[in-house]
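Please treat every number below as a calculation from the coordinates, not as lab data. None of the values given here were measured: they were computed from a predicted structure. Positions of Cβ are backbone-derived with ideal geometry, glycine not excepted, and every protein chain shown enters the neighbour counts.
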């Protein structure tokens, strides 16, 4: 892969630059302002991060989480660009690219969760399970829908992902000027495609993490191919995607602990005990002991300063320190695996630090590549240090699952989310199946369809024109998932209550 192509400024709909324009922004800076000003981005303020419909001003939403990811993305971009220029010395990476990758990553951080449905990742699960369990019971023109749609169309619903929906939101559904959505640069679109495979190519057991989830819908296949071609990706992840994923991991793993503390689900003493219980594992003792000592030090500092809650002071400051450590480790991870990332054979996450290579090249062949200059090889001396990142994020994740995700308030909300989303899909899908056909809609179906945004229906009309009846049916089902994913937590709850006469 070549940086000159990876940082592609082209847009799907080209825009002519006006002569004499005073706009000195780069194309990637323009992307940032398009995102910030969009309704889709603003709706993230009422979408779940961990605690749905929470009344606390402190607890994070998808909006505040996305802002944090964007910030970490920029920091990682700065660190990694400087490393490429000063240490790796890849001659194809021009000094001007440093600002470009920071701008792209900053935008990607804002967008990475923009396709998520209401109620967080549990909402994704409910949607997947609905289609797996109930789509086989739906019929069109006397035939089961599962016998009408092709395997990839069916796979899109069975493997539904908010990540996949993000590309659809920004490239189509945000109807501002035309059917191209926000019309963002191809480099940015490539960066937010975390898994460059279709629903037919998903392999959750593959050692190559890039195959674990689908990255684009059948409906967006032409756009995906265009992006891949323009950026020279050849079916692999954009290098900046690894940085985006690391920033996301850093943000949510640390934030979950802080939010759980603020909600009273974990105390300072419990956090200390959890870290102490990990201090006697042979391979990881040093890492966990450093985390524990750092946390205790900050508690003592809080007492010394006379703060009212030394535990809160310690946890909040410790989280910031852990974030700094993980940013350093992710930077080292990118540098250590630079060649395999750039030739497309790297198949792990930066914080795993495994340096595994998947694809056509072996680890040895990747190390002998000339892609990155004379000093850019996968560096074994960094592997041990980089692997610390995996131990840290795994520990934080295990603690969060134990005390936050399995807590009673979360479980109750998830049961409610299942009820809400299942009810809406039960009524929207049958209505959409016969929408825009010769079949006469039942009164209840026409009313359900009327709730769907006119912009979404406009997009359906544009992209269904001239398509086969099979693909039109598929697009009508996508119209439902588009509508549901565009809902905020509060809107989904309110619509459910209104339709059930509860308010």
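Using a Förster radius of 51 Å, what is the FRET efficiency between residue 67 and residue 468 based on their Cβ-Cβ separation? Nearest 0.05, please.
Once rounded, the FRET efficiency stands at 0.75.
When the helices in the chain are scored as -39500 (n - 2.57) per DSSP H run of 4 or longer and the sum is shared across all residues, what 222 nm value do you end up with, to the nearest 500 deg cm²/dmol?
Only helices count here, giving -18000 deg cm²/dmol.
Calculate, in nm to one decimal, what residue 5 and residue 22 gain on full extension: separation in residues at 0.36 nm each, minus their alpha carbon distance.
That works out to 3.5 nm of additional length.
Mind checking the full-extension length gain between residue 82 and residue 141? Use 0.36 nm per residue of separation minus the Cα-Cα distance, one decimal, nm.
So the chain would gain 15.2 nm between residue 82 and residue 141.
Give the shape of the chain as rounded, prolate or oblate, defined through the alpha-carbon gyration tensor: a ≥ b ≥ c are the square roots of its eigenvalues, a/c under 1.5 means rounded, and otherwise the shape is prolate if a/b is larger than b/c and oblate if not.
It is oblate, given that a/c is not under 1.5 and a/b is not larger than b/c.
Cβ neighbours within 10 Å, averaged per peptide: list 73-84, 326-337 in order, most packed at the top.
With the highest mean Cβ count within 10 Å placed first, the list reads 326-337, 73-84.
Taking neighbour counts of Cβ atoms within 10 Å as a proxy for exposure, in what order, fewest first, do 174, 33, 180 appear?
The fewest-first ordering by Cβ neighbours comes to 33, 180, 174.
Run the quick spin-label model on residue 91 and residue 305: label points 7 Å from Cα toward the beta carbon, then report their separation in nm to one decimal.
About 5.0 nm separates the two model spin labels.
Treat the count of other C-beta atoms within 10 Å as a stand-in for reagent exposure and order 252, 217 from fewest to most.
252, 217
So for each of 484-492, 35-43, 200-208 I average, over its residues, the number of other beta carbons within 10 Å; can you give me the resulting order with the highest mean first?
So the peptides 484-492, 35-43, 200-208, ranked by packing, come out 484-492, 35-43, 200-208.
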